[in-house]
Amino acid sequence: MENQTKLNGSELLLASLKKEKVELIFGYPGGAVLPLYDAMYDFDIPNVLTRHEQGAVHAAEGYARVTGKPGVVVVTSGPGATNAITGIADAMSDSLPLVVITGQVGTNGIGTDAFQEADILGITLPITKHNFQVRDIHDLQRIVHEAFHIASTGRPGPVVIDLPKDISQAMGDFMEQFEVNIPSYQPNTSASMLQIEKVMKQLKRAKKPLLLVGAGVSYANATEELRTFVDKYQIPVVETMMALGTVPSRHPLNLGMGGMHGTYAANMALSTCDYLINIGSRFADRLATSPKSFAPNAKIAHIDIDPAEIGKVIRTDIPVVADAKDALKKMLELDIPAGHYQEWLDECHERQVNHPLYYDETTDEIKPQKVVEIVGEITESNAYVVTDVGQHQMWVAQFYPFTFPRQLITSGGLGTMGYGIPAGIGAKFAHPNRQVVVFVGDGGFQMTNQEFAILNEHQLDIKFVLMNNHVLGMVHQWQEKFHGARYSSSEFHTQPDFMKLAEAYHVKGVRLSNPKTIEEDLKAAFALEGPVLIEVEIPADEHVLPMVAAGAPNHKMIGVK
């Protein structure tokens, strides 16, 4: 079809998606996009029919997270578009490349409060990297090409294309080639050699250097360069949650995750280092819990592709606006001799040994931390690990042994409950031959469990570990610690039968409640073929520790061993 000269707008759009090497679409049809869905009959781009538009966007996020390629979404106008808002905002927070195509009423009806009209341009303006509305069929191909370019270059992010119905039916010429020419959008990826020299000269002076690694490293495909740099200079590393796996969790120089639920060793290193090199992290408030007292003794170098992030939260002594891969390559090329940091390394190692992550083992109840450790063993640390949001998310970050970049698929910046199930589905579509495990709480599960319908339909072999404590765990924990144990609206007094719910979706279900046999029971559940919902009963009073209270300095931790 795309070989024809004259195509309608829907055909032009799909032909343009093929030129962008789009493999599949996540979407939900409706009146304004019916011409587009009709044209899909003639194009080899499958559409994954989710059961809610929010699920479509989260699935596209999961796909984008593990591949680095833009996830593509198609939804209809009005409520279809507004249902996608949460996912778009989530992708913006976590810098994930998406192209979200929203249907719109015909151009003559825009602004008239027509049926299923919504001002999606205005609504998404603050939560997209850019948005377009196609008003002329001759602009359609250019807009699609620019949308993919914007979404995937510089700091990645979501782009919305709003497509009026009459444009999707208008006729236009198919153009083979388009040059990107956006004078106002010229992201800088090349690091200034002058600034890189400053970074490395300060490293030579430092006695207690520390690397802070954010998701920008994996987004730039700079893992190899980072690991080479770490091994060459023998500098300890702290990772943000979104960067877990960039350096293997069990690497001797990896101090673990920093921030609110980070390790004691990581947070103390952040508090006592004399030189901090931040590569690809935005100093989010869950990491820099008290900006005024963050890394108080340190000179700070901040390498980030987005100049808006440098100096926004934490003062920066050496700013470097660049792609992490280019910056690390140039840092290695300078070949400055490694310093002697043995005393500093010994200090960091001593904290790791004396104050590790821990939990009280017991045979009276199933400990969620133990569940995560067992799953790590079953999967040999090699699965794509997806979480929803809440306590289980932090236990996974703390206790799963991550080994490779992009391994953890989770909602970081927005903290979106309901993310886990559809994101896991998107990750599995991206890598059908890789193991995908989804951890989810009983609260988040009930927000998007309708997407279970996709599992049987597409025979997706995903294992779901549902940690059921009958409460909104993180809310419950904060209410106990900071609100006098007044559990306002955080306890589920009635719950669905999750096993019957799984059965209704033609998915195997296993309920585990025996702490004495939890290891063998989990192994048996993971050995089952096809998708499986594994419900694990855990105690409601189990807390995520250690913890830095909101606004407290990183070194003031609660629940340290």
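The values are calculated or read from the model by the stated rules, or taken from the named source; none is laboratory data. As the structure is a computational prediction, the values presented were derived from the model and not from experiment. Cβ: placed from backbone, ideal geometry, glycine included. Neighbour counts: every protein chain shown.
The helices (runs of 4 or more DSSP H) found wholly in the stretch 322-390 and carrying at least 3 residues that are more than 25 Å from Phe464 (Cα to Cα) occupy 324-334, 342-354. Restricting attention to the stretch 10-56 and to residues that are of a type in the set (Asp, Glu) and assigned to a loop (DSSP other than H, G, I, E, B), the residue that is farthest from Ala84 (Cα to Cα) turns out to be Asp44.
Under the condition of being touching a residue at least 60 places away in the same chain (Cβ under 8 Å) and closer than 19 Å to Val386 by Cα, the residues counted in the stretch 244-276 number 9.
For Thr403, the requirement of being touching a Pro at 6+ places or on another chain (Cβ under 7 Å), under 30 Å from Ala206 (Cβ atoms), outside the structural domain of Phe26 (by TED's automatic domain parsing) and among the polar types (S, T, N, Q) is met. Kindly indicate whether Phe402 is at pLDDT 95 or above, in a loop (DSSP other than H, G, I, E, B) and of a type in the set (Phe, Trp, Tyr). In short, yes.
Of the residues screened, Asp42 is not one that is farther than 22 Å from Arg135 by Cα and under 20 Å from the mean Cα position of the chain (by Cα). You will find that of Ile300, Ile310, Ile279, Ile305, the residue that is without any contact (Cβ under 8 Å) to a residue 12 or more places away in the chain, on the phi < 0 side of the Ramachandran plot and either surrounded by fewer than 22 Cβ atoms within 10 Å (Cβ to Cβ) or of a type in the set (A, V, I, L, M, F, W, C) (or both) is Ile310 and no other. Taken over the stretch 25-77, the criterion of being of a type in the set (Ser, Thr, Tyr) and buried (at least 18 other Cβ atoms within 10 Å of the Cβ) is satisfied by Tyr28, Tyr37, Thr50, Tyr63, Thr76, Ser77. The C-beta contact set for the stretch 115-140 (first residue among the basic types (Lys, Arg) and in a loop (DSSP other than H, G, I, E, B), second residue surrounded by 15 or more Cβ atoms within 10 Å (Cβ to Cβ) and modelled with pLDDT of 95 or more, distance under 6 angstrom, 6+ apart or interchain) comprises Lys129/Ile150; Lys129/Gly157; Lys129/Val159.
Based on this model, can you work out whether Ser281 counts as closer than 24 Å to Lys556 by Cβ and part of a helix (DSSP H, G or I)? In short, no.
Each residue in the stretch 320-340 was checked for being crowded, with 19+ Cβ neighbours inside 10 Å and under 23 Å from Pro296 (Cβ atoms), and 1 pass. In the condition set (1) more than 27 Å from Leu96 (Cα to Cα); (2) surrounded by 24 or more Cβ atoms within 10 Å (Cβ to Cβ), Gly214 is compliant with all but (1). Collect the residues in the stretch 38-97 that are in contact with a strand residue (DSSP E or B) (Cβ under 8 Å, 6 or more places away or on another chain) and hydroxyl-bearing (Ser, Thr, Tyr), keeping them in residue-number order. Result: Thr50, Tyr63, Thr76, Ser77. Applying the criterion of being of a type in the set (A, V, I, L, M) and assigned to a loop (DSSP other than H, G, I, E, B) to the residues of the stretch 449-500, the residue that is farthest from the chain's Cα centre (by Cα) is Ala485.
Within the stretch 159-194, if we keep just the residues that are of a type in the set (Val, Ile, Thr) and touching a residue at least 60 places away in the same chain (Cβ under 8 Å), the residue that is farthest from Leu140 (Cα to Cα) turns out to be Thr189.
For the stretch 515-539, what are the residues that are in a helix (DSSP H, G or I) and in contact (Cβ under 8 Å) with a residue 40 or more places away in the chain? Within the stretch 515-539, Pro515, Lys516, Ile518, Glu519, Leu522, Lys523, Ala525, Phe526 qualify.
Return yes or no: is Asp364 surrounded by fewer than 20 Cβ atoms within 10 Å (Cβ to Cβ) and on the phi > 0 side of the Ramachandran plot? No.
The number of residues in the stretch 96-112 that are in contact with a Gly (Cβ under 9 Å, 6 or more places away or on another chain) and surrounded by fewer than 24 Cβ atoms within 10 Å (Cβ to Cβ) comes to 1. Among the residues of the stretch 289-320, those identified as outside any loop (DSSP other than H, G, I, E, B), among the charged types (D, E, K, R) and touching a Ser or Thr at 6+ places or on another chain (Cβ under 9 Å) are Asp304, Glu309.
Here Thr410 clears all of (1) touching a residue at least 60 places away in the same chain (Cβ under 8 Å); (2) out of contact with any strand residue (DSSP E or B) (no Cβ under 6 Å at 6 or more places or on another chain); (3) of a type in the set (S, T, N, Q) except the condition numbered (2). Selection of the stretch 413-422 for residues being of a type in the set (Gly, Ala, Ser), crowded, with 22+ Cβ neighbours inside 10 Å and part of a loop (DSSP other than H, G, I, E, B) yields only Gly418. Among the residues making up the stretch 421-430, those that are more than 10 Å from the chain's Cα centre (by Cα) and not charged (D, E, K, R) are Ile421, Pro422, Gly424, Ile425, Gly426, Ala427, Phe429, Ala430. Applying the criterion of being of a type in the set (A, V, I, L, M, F, W, C) and surrounded by 18 or more Cβ atoms within 10 Å (Cβ to Cβ) to the residues of the stretch 465-488, the residue that is nearest to Tyr384 (Cα to Cα) is Val465.
Just to be sure I understand, how many residues within the stretch 501-514 are buried (at least 16 other Cβ atoms within 10 Å of the Cβ) and part of a helix (DSSP H, G or I)? The number of residues fulfilling the criteria is 2. The numbered conditions (1) more than 28 Å from Ala308 (Cβ to Cβ); (2) at pLDDT 95 or above; (3) among the polar types (S, T, N, Q) are all true for Gln195 except (1).
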